[in-house]
Amino acid sequence: MTMDDRPAVPRQTPSDPGDAGEGGQPPNRPSTRRRILTLLIVVLLIGIPAGYLAISAEQSRDSGRDKEGKAAATGLTEGWPSKVTRRIYDVPIPPYSAEVAYYETNSWKISKLYVQFVTSDEGLDRFLGRIGTSRAALDPGRVTISAREAAAVGWNLGPSGAADWAGTVHKHPEPQPLQDITVDLSNKAHPKVYVVSTVTP
């Protein structure tokens, strides 16, 4: 038998070792659909919280801008001054007061606290009594806070001589504060009090 008469042996193409697992079986790979699903879940888990954080941050920035704009327009901060601040300037705001707001300025020569609040008829008497004066000291028609000081915090106080307004200047012994007090009595049951308390070091 010649070499040409030998039966042909099928040629085997060498296989890539990476294409076969143990025993020559193809390895278990996640299907394309499973990979896409996994990727989608990861994107949702990361993307949704990130989106909420971005929206929340933008809303916070907008809210901060609104508050800053209001503060810049009036100078007042809504809420009560700290107890220490109220003690320094001797402004004992009565309990249950409404529309409380304040503004403080400081310099090496002088410090001022601007305060407004709405109280009851009894609350007004209590406030005046605690700082060492009384309703009798309020001069009808007198506005003791200057137009310049009122403009600094956006207060629209009545003109001098107006029947619904009354005021007094209360002087403590030094170095205690000097207080300009003006009261809007248009609502007898709920007078609105404006105070500028000045401390000179």
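The values are calculated or read from the model by the stated rules, or taken from the named source; none is laboratory data. These figures come from a predicted structure and were not determined experimentally. Every residue, glycine among them, receives a Cβ derived from its backbone with ideal geometry; neighbour counts consider all protein chains shown.
Tell me yes or no: at least one residue of the range 135-143 is more than 24 Å from T85 (Cα to Cα), among the acidic types (D, E), in a strand (DSSP E or B) and touching a residue at least 24 places away in the same chain (Cβ under 8 Å).
Looking for residues that are more than 24 Å from T85 (Cα to Cα), among the acidic types (D, E), in a strand (DSSP E or B) and touching a residue at least 24 places away in the same chain (Cβ under 8 Å), one finds at least one in the range 135-143, hence yes.
If you scan the range 154-190, which residues turn out to be loosely packed, with under 14 Cβ neighbours inside 10 Å and part of a strand (DSSP E or B)?
Matches in the range 154-190: K171 only.
Table: residues versus (1) in a helix (DSSP H, G or I); (2) loosely packed, with under 13 Cβ neighbours inside 10 Å; (3) modelled with pLDDT of 95 or more.
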{"site": "K70", "(1), (2), (3)": "yes, no, no"}
{"site": "T85", "(1), (2), (3)": "yes, no, yes"}
{"site": "E99", "(1), (2), (3)": "no, yes, yes"}
{"site": "E104", "(1), (2), (3)": "no, no, yes"}
{"site": "W108", "(1), (2), (3)": "no, yes, no"}
{"site": "Y114", "(1), (2), (3)": "no, no, yes"}
{"site": "F117", "(1), (2), (3)": "no, no, yes"}
{"site": "L124", "(1), (2), (3)": "yes, no, yes"}
